[in-house]
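The values are calculated or read from the model by the stated rules, or taken from the named source; none is laboratory data. Note that the coordinates shown come from a computational prediction; the quantities given were computed from them, not determined experimentally. Neighbour counts are summed over all protein chains in view; Cβ atoms, including those assigned to glycine, are modelled from backbone coordinates with ideal geometry. The protein model used for the area step is the full one, side chains on, heavy atoms only, and it has no ligands, DNA or RNA in it. Shrake-Rupley method; radii C 1.70, N 1.55, O 1.52, S 1.80 Å.
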Amino acid sequence: MRTITALTPPESPARVDAPSREPLRVGLVQHRWQPSTDALLAELSEGIALAAAEGAKVVFLPELTLSRYPAFVRGGSDPGADAEDLDSGPTLRFAADAAKRNGVLVHASLYERDDPDNHEIHGDGLGFNTAVLVGPDGLVARTRKLHIPVTQGYYEDTYFRPGPAEPDAYPVHTAEELGGARLAMPTCWDEWFPEVARMYSLAGAEIIVYPTAIGSEPGHPEFDTQPLWQNVIVGNGIANGTFMIAPNRHGDEGEITFYGSSFISDPYGRVLVQAPRDESAVLIADLDLDQRRDWLTLFPFLMTRRPDTYARLTAPVDRDNPLGNNGTEVP
């Protein structure tokens, strides 16, 4: 498996004070789904081991790590049939075993079975799209995907229930194993919403990781969204002073060809390291976390907000007019 590294952080152009922390070395594995479970686990295990051998303290994996992407077709009457239990399912078990073997934290993603205590309340057969951070002793942190796509080939609303509303929507985990780095773990479709990165930045997140499964558009096969996908994530990192980590899968799974291109960017919008579109790869980068402080001191976006003008952001969009008010005056 190809390994691509960026082991010396670029300088911080807005630096005033000397760095207060050592760089944090992180890893990312870009993989493809395979029908053979043994082959799939072997590829992921190899990638995690390669990242750990390079000194990564945490390794990030793509969305629905062990699963074929399900949402090419609508979920049907029992969409959660293939969901797994969070605590005893194969994803957490694999991540914990890999973490123990390699002495790292492992970030993964799964289709989480609905909590039995909530099933009678929801009664819809849906589960959650859940990101987890796992150590040698098991689960360290969990975050459920908030925003769910509804577009052709990505019928996720027929599989996944949105994650919780406030006050539990935007958890930030302080990882002592990572030198106290503050980590946020939204998922894929969340990456398109500037509100998500802003909420996490306001909560003090230094690193935002979006496990992702994105590729071709079945209704628009000639439209390559990869540059837009990358630009919006990098831009949200600039606007919020955060490192962005985007592990994507690659390969043709029938209806969608996933376009890989996993990357890590810094608060200045620099892509530190990037994977190819059509190849499994391991990315390794050193993150100078004090760059968040440097950039937000020079450009204090959080301090100069105008929340008193943002009330309309929480107003629902008129379903008869989903593009907005078409330029008419808003009272």
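So what's the range 58-133 giving for Rg/Rh, alpha carbon basis, Kirkwood Rh from the mean inverse pair distance? Before the final figure, lay out the partial values.
On the way: Rg = 13.6 Å, Rh = 13.3 Å.
Checking Rg against Rh, the ratio lands at 1.02.
I need the helices of the chain that pass two filters: whole DSSP H segments spanning 15 Å or more by Cα along the axis, and mean Kyte-Doolittle score no lower than -0.5. Show your work: numbers first, answer last.
Details: long enough: 37-53 (24 Å, 1.06); 90-102 (18 Å, -0.65); 226-240 (22 Å, 0.15).
For the chain, where a helix must reach 15 Å along its axis and average at least -0.5, the hits are 37-53, 226-240.
Relative contact order, percent, of the range 236-331 when contacts are C-alpha pairs under 8 Å separated by at least 6 residues? Kindly include the intermediate steps, with their values, before the conclusion.
On the way: 116 pairs, mean separation 20.3, N = 96.
That works out to 21 percent.
With a ≥ b ≥ c taken as the square roots of the eigenvalues of the C-alpha gyration tensor of the range 201-331, please select rounded if a/c is under 1.5 and otherwise prolate if a/b is larger than b/c or oblate if it is not? Please list the in-between numbers first.
Working: a/c = 2.91, a/b = 1.12, b/c = 2.60.
It is oblate, given that a/c is not under 1.5 and a/b is not larger than b/c.
Suppose a student asked you for the relative contact order of the chain, using Cα pairs under 8 Å spaced at least 6 residues apart; what percent would you report? Kindly include the intermediate steps, with their values, before the conclusion.
Numbers: 737 pairs, mean separation 72.1, N = 331.
So the answer I get is 22 percent.
Taking the highest mean first, how do the peptides 25-38, 155-168 order by number of other beta carbon atoms within 10 angstrom per residue?
Working: 25-38: 20.4, 155-168: 16.6.
Top to bottom by mean Cβ count within 10 Å: 25-38, 155-168.
Averaged per residue, what accessible area in Å² does the chain show with a 1.4 Å probe, protein chains only? Walk me through the numbers before you get to the answer.
Values: 15260 Å² over 331 residues.
Accessible surface, normalised per residue, equals 46 Å².
By average Cβ neighbour count within 10 Å, what is the ranking of 105-114, 212-221, 63-72 from highest down?
Details: 105-114: 25.8, 212-221: 18.4, 63-72: 20.9.
With the highest mean Cβ count within 10 Å placed first, the list reads 105-114, 63-72, 212-221.
Quantify, in whole percent, the carbon and sulfur part of the accessible surface of the chain (1.4 Å probe; protein heavy atoms only). Intermediate values should be presented prior to the final figure.
Working: 7960 of 15260 Å².
Here carbon and sulfur together make up 52 percent of the probe-accessible area.
What does DSSP give for the chain in terms of the percent of beta bridges that are antiparallel, rounded to the nearest 5? Working shown, then result.
Details: 35 of 54 bridges.
Around 65 percent of the beta bridges assigned by DSSP in the chain are antiparallel ones.
Students often check this: by mean Cβ neighbours within 10 Å, which of 266-277, 284-295, 84-95 ranks highest, and how do the rest follow? Before the final figure, lay out each step's value.
Values: 266-277: 19.8, 284-295: 22.3, 84-95: 17.8.
Those peptides, ordered most packed to least, come out 284-295, 266-277, 84-95.
With a/c under 1.5 counting as rounded, go ahead and sort the range 136-241 into rounded, prolate or oblate using the C-alpha gyration tensor (a ≥ b ≥ c being the square roots of the eigenvalues; past the cut-off, prolate if a/b is larger than b/c, else oblate).
Numbers: a/c = 2.01, a/b = 1.55, b/c = 1.30.
Prolate is the answer for the range 136-241, as a/c is 1.5 or above and a/b outweighs b/c.
Okay, helix-only estimate at 222 nm for the chain: each DSSP H run of n ≥ 4 adds -39500 (n - 2.57), divide by all residues, round to 500 deg cm²/dmol; what do you get? Let's see the in-between values first.
Values: 6 runs with 70 residues, N = 331.
Calculated from helices alone, the mean residue ellipticity at 222 nm is -6500 deg cm²/dmol.
Under 1.5 on a/c is rounded, so check that first for the chain, then, if it is not, pick prolate when a/b is larger than b/c and oblate when it is not; a ≥ b ≥ c are the square roots of the alpha carbon gyration tensor eigenvalues. Walk me through the intermediate numbers first.
Details: a/c = 1.44, a/b = 1.03, b/c = 1.40.
Rounded, because the longest to shortest axis ratio a/c is under 1.5.
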